[in-house]
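The values are calculated or read from the model by the stated rules, or taken from the named source; none is laboratory data. Since this is a predicted model, take the numbers as computed values, not measurements. Cβ placement follows ideal geometry from the backbone for every residue including glycine, while neighbour counts extend to all protein chains displayed. Accessible surface areas use protein heavy atoms only, side chains included; no ligands, DNA or RNA. Shrake-Rupley method; radii C 1.70, N 1.55, O 1.52, S 1.80 Å.
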Amino acid sequence: MLYTENDLSASMDKIETVNFHQETDVNGIKFWCYNAGHVLGAAMFMIEIAGVKILYTGDFSRQEDRHLMAAEVPAIHPDVLIIEATYGTHIHEKREEREARFTSTVHDIVNRGGRCLIPVFALGRAQELLLILDEYWGNHPELHDIPIYYASSLAKKCMAVYQTYINAMNEKIRKQISVSNPFVFKHISNLKGMDHFDDIGPSVVMASPGMMQSGLSRELFESWCTDRRNGCIIAGYCVEGTLAKHIMSEPEEIQTMSGQKIPLKCSVDYISFSAHTDYQQTSDFIRQLKPPHVVLVHGEANEMSRLKAAIIREYEDDPDVNIEVHNPKNTQAVELYFRGEKMAKVMGSLASKKPEQSDRLSGILVKRNFNYHLVAPSDISNYTDLATSTVTQRQSIQYVGPFSLLQQHLMLLSGDVEQIEVQEKPALRVFKAVTIIQEPGMVVLEWTANPVNDMFADAVVTVILKVGTDPKMQKIVPTPTKTNKQHFTDKLTELMTDLYGEKAITHMTKGDIMAVTVDGKTANICLDTLEVDCEADEDFQQTVSQSVSRLYHSLTPVYR
């Protein structure tokens, strides 16, 4: 047994109701549904995953019947259409002709004094046939003495639903409800079971299951099939290997559930009221949607193969339509590949200013489900469930030499050493990133970890170890004398011109500022302090600053 009644009961809490066309998002997978026209409440689902749209029809019908609307045709064209292939290339009989043949057959059976068995499923076709029979009996007073029963406890429960959700049916039913409820039948009564059935004279009984594998429909058929006056009308789809499918070939005898063989003398008629699409409906549906991929399901292998061939033939001479048809076997996977552009939505402070063409945006790319967002590190906690944190590195190194000696060597390394105090202790700040604190017998380095600062820290550690262990470097280094300012300015102009071109260099006499402009971004160099400022691009500022520092140290006199 695959599952028990307890499993079914436990599953009820998992069910969520949705309205038609209501979009639902679950972990980035979006889906919404359309009316499928198969039974009351039947739905086709459109599923969108990472921009790829898949329409799964399930069982659907494009033909309006007495109570149901035809299946909708979505306005959105799917990339993949998974569609039923139940009837393959068969064409259904017209509804009016089918109903006339059905009522005529029922009338003939009861007229000859026979009993008419109509095996049906509890939901869907049973309600359609009840509407037809109730109307026909109402128009034929001579039949009023012949009872019609529907024998299914589940069908009775379904009727309560049908009587409630009239608004979900077609316009004809909605208009009729203002006069009377069409599902409150005048000529049809419920049959609880064989114990309550007076099998005397002609009657019409609709019983489940529809394929007569077992149950009341099978019991009645075995009881009635030996009488020529009786008849059985198969009104729905039948699967190979079932009794309903077997008797359609009109065998001389059948085997009962007990294993006994009995003659088949009653009439057997097949009048399909199945609410599945035929070839014409399926073809029209595909033509309106024109999906690149069609996957056929819910059909016998031969019917699916014929349908696949028919669809391919239909479009083989049409250069404007390229449809690939798949008919996989059970459990066989279908792999489809889609290429598309991935778009990232800029959010937060990065989106405060509209970027110009060729501007570079820098931030953190966040993937949430199937969507991408670009946010500044400072905004990461506002737009995601992530939290930002910084890692402060701390390293202690033995050093007993003069702190001023270390300062002089670090000045030669970076050209930018700031004297500060940390908790009332002497300290140096190098590269504006690494702090060196003097402790008894050692120095302590602190910096915020990132690739650039880690590189600066490695260079500082190298200098400290070299000064602390190499006797030659433990001599006091004289304070560097300043190089000639005009000479330095001339050489800096030559360097910037070589790097960025003559037109990029501008001298501002006021304040001794040299401006370097590249791609609309300007870096201002203070010739007195050698500080570089560029608010538009931090990377450009750092590149220019390194060039200035290296030039300055290359022109500084060598100490002996």
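May I ask you to say which residue of ARG306, ARG339 is open to solvent by 80 Å² or more (accessible area, probe 1.4 Å) and in a helix (DSSP H, G or I)?
The unique qualifying residue is ARG306.
Residues to consider are ARG101, ARG115, ARG66; find the one that is of a type in the set (Lys, Arg), modelled with pLDDT under 95 and within 23 Å of VAL204 (Cβ to Cβ).
Selected residue: ARG66, the only one of ARG101, ARG115, ARG66 that is of a type in the set (Lys, Arg), modelled with pLDDT under 95 and within 23 Å of VAL204 (Cβ to Cβ).
Testing VAL73 on (1) within 18 Å of ALA275 (Cβ to Cβ); (2) assigned to a loop (DSSP other than H, G, I, E, B); (3) at pLDDT 95 or above; (4) touching a strand residue (DSSP E or B) at 6+ places or on another chain (Cβ under 7 Å), one condition comes back false. Which one is that?
(4)
For the range 148-159, which positions are modelled with pLDDT of 80 or more and surrounded by fewer than 19 Cβ atoms within 10 Å (Cβ to Cβ)?
TYR149
Which residue, of GLY51, GLY28, GLY113, GLY41, is under 30 Å from HIS144 (Cα atoms), of a type outside the set (A, V, I, L, M) and surrounded by fewer than 17 Cβ atoms within 10 Å (Cβ to Cβ)?
The unique qualifying residue is GLY113.
Restricting attention to the range 409-439, and to residues there that are touching a helix residue (DSSP H, G or I) at 6+ places or on another chain (Cβ under 8 Å) and assigned to a loop (DSSP other than H, G, I, E, B), which single residue is nearest to ASN450 (Cα to Cα)?
Among residues in the range 409-439 that are touching a helix residue (DSSP H, G or I) at 6+ places or on another chain (Cβ under 8 Å) and assigned to a loop (DSSP other than H, G, I, E, B), the one nearest to ASN450 (Cα to Cα) is ALA433.
Looking at the range 83-102, can you tell me whether even one residue there is aliphatic (A, V, I, L, M), open to solvent by less than 30 Å² (accessible area, probe 1.4 Å) and touching a Pro at 6+ places or on another chain (Cβ under 7 Å)?
No, the conditions are met nowhere in the range 83-102.
Using the structure shown, decide if GLN288 is open to solvent by less than 90 Å² (accessible area, probe 1.4 Å), in a helix (DSSP H, G or I) and over 27 Å from ASN27 (Cα atoms).
no
If we keep just the residues of the range 390-408 that are under 27 Å from VAL532 (Cβ atoms) and assigned to a strand (DSSP E or B), which is nearest to the chain's Cα centre (by Cα)?
So the residue we want is THR392.
For the range 482-505, which residues satisfy the criterion of being open to solvent by 40 Å² or more (accessible area, probe 1.4 Å) and at pLDDT 85 or above?
Result: ASP490, LYS491, GLU494, LEU495, THR497, ASP498, LEU499, TYR500, GLU502, LYS503.
For LEU365, indicate whether it is among the aliphatic types (A, V, I, L, M), open to solvent by 70 Å² or more (accessible area, probe 1.4 Å) and under 19 Å from GLY28 (Cβ atoms).
Considered against the rule, which asks whether it is among the aliphatic types (A, V, I, L, M), open to solvent by 70 Å² or more (accessible area, probe 1.4 Å) and under 19 Å from GLY28 (Cβ atoms), LEU365 comes out as yes.
In the list SER258, SER249, which residue meets the criterion of being modelled with pLDDT of 90 or more, open to solvent by 50 Å² or more (accessible area, probe 1.4 Å), in a loop (DSSP other than H, G, I, E, B) and closer than 30 Å to MET304 by Cβ?
Residue meeting the stated conditions: SER249.
Cβ-Cβ under 6 Å, sequence separation 6+ or interchain: first residue in the range 208-233 and touching a residue at least 12 places away in the same chain (Cβ under 8 Å), partner open to solvent by 30 Å² or more (accessible area, probe 1.4 Å) and part of a helix (DSSP H, G or I). Which pairs?
Going by the 6 Å Cβ cut-off, the qualifying pairs are PRO209/GLY215.
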